[in-house]
1. Given only helices, namely DSSP H runs of n ≥ 4 each adding -39500 (n - 2.57), what is the per-residue ellipticity at 222 nm of the chain, to the nearest 500 deg cm²/dmol?
2. Could you name the aspartates and glutamates in cross-link range of Lys124, using Cα to Cα under 19 Å and dropping any fewer than eight places away on the same chain?
3. Cα-Cα over 25 Å: which of Lys58/Lys203; Lys138/Lys165; Lys125/Lys168?
4. Any idea how far the Cα center of the stretch 219-287 sits from the one of the stretch 57-93, in Å?
5. Where is the GNM fluctuation largest for the chain (alpha-carbon springs, 10 angstrom cutoff): Leu221, Leu244, Leu41?
6. Got the relative contact order for the chain handy, in percent, Cα pairs under 8 Å and 6 or more residues apart?
7. So, with a 1.4 angstrom probe, what is the percent of accessible area on the chain that is carbon and sulfur?
8. Helix 131-148 versus the longest principal axis of the chain: what angle, 0 to 90°, nearest 10, using Cα atoms?
Amino acid sequence: MQSPDISVVVPLFNEAESLPELAAWIDRVAAAHGLSYEVILVDDGSTDDSWAVVERLKERYPAVRGISFRRNYGKSAALYCGFEAAEGEVVFTMDADLQDSPDEIPEMRRMILEEGYDLVSGWKKRRHDPIGKRWPSKFFNGTARAVSGIRLHDFNCGLKAYRRKVVKSIEVYGEMHRFIPILARQAGFRRIGEKVVEHRARKYGCSKFGLERMIKGYLDLISVLFMSRFGRSPMYLFGSLGTLMFLLGGGTTFWIIGAKLWKQAHGLPLRPVAEQPLFYLAMLAVVLGVQLFLAGFLGEMINRTSTDRNRYLIDKTL
């Protein structure tokens, strides 16, 4: 069977009211542009009638596919399973709350196929969120740009388009859905573009994300950057820091003891080593240095026994 032109992966949690309108909208856009499509609705453990709605939509629209989780696992898990199931030439993600417009699909698809982008991320330049969500989001996006080097204005935008090989090459887990552009670049996909998209006011229900997502976002940002730079060689980080702290602490200790012996030999007034705070700070640096070095060594041992230690993404062969 021929693959569809596009796959639309939609994670959802308690969005029974918006699903019929979203499915009809996607079907209308695909028909208007002559696109074959599939919509993969991933029910992330909803407690309302969302799955019953998905079953009814499947009867009405044969292109609809459904995946239901036994419990709520989070958006990253829903995207991961949706990516696994996607068969389209270009894969889209969008939220189920109707704040993302399917009308953006044709142009984003064109940017992938004609302009050569591997990933196109939506940018909600004009947002309809309260200021309590807009300013933390701006700060978060600014930090992500600074540390990743990827010049996107809106990492959090749920509306994105990918070449199929991109979603098949990355693994989204935890809360990493915010950093898919970073994961894609780590996998070797460097053509990352951006498109200003319409942000619609929420029509049904309420937001499923609270302030805690900002805290999780920063922790995940640190994790993804660490894994990208030191995931295969943790000794480079921990070993280097450990060696530096050990040498600094050891050198300071020898200097303190040497200074005492020199003063003692020349009959100068001296202060007992055990009464000097610097001596204890130096010893602390030595202990921490040894622990960091051992952490890097253990990380290398674990990495060597990992089943994917030699998993590399091969793009082409002859």
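The values are calculated or read from the model by the stated rules, or taken from the named source; none is laboratory data. Keep in mind the model is a prediction, meaning the values are calculated, not measured. Every residue, glycine among them, receives a Cβ derived from its backbone with ideal geometry; neighbour counts consider all protein chains shown. Heavy atoms of the whole protein, side chains included, go into the accessibility calculation; ligands, DNA and RNA do not. Shrake-Rupley method; radii C 1.70, N 1.55, O 1.52, S 1.80 Å.
1. Calculated mean residue ellipticity at 222 nm is -16000 deg cm²/dmol.
2. Filter leaves Asp95, Asp97, Asp100, Asp103, Glu104, Glu107, Asp154, Glu194, Glu198.
3. Cα-Cα > 25 Å for Lys138/Lys165; Lys125/Lys168; rest within.
4. A separation of 52 Å, based on Cα centres.
5. Leu244
6. After rounding, I find 17 percent.
7. So the carbon and sulfur contribution to the accessible surface is 58 percent.
8. The helix 131-148 is inclined about 60 degrees to the chain.
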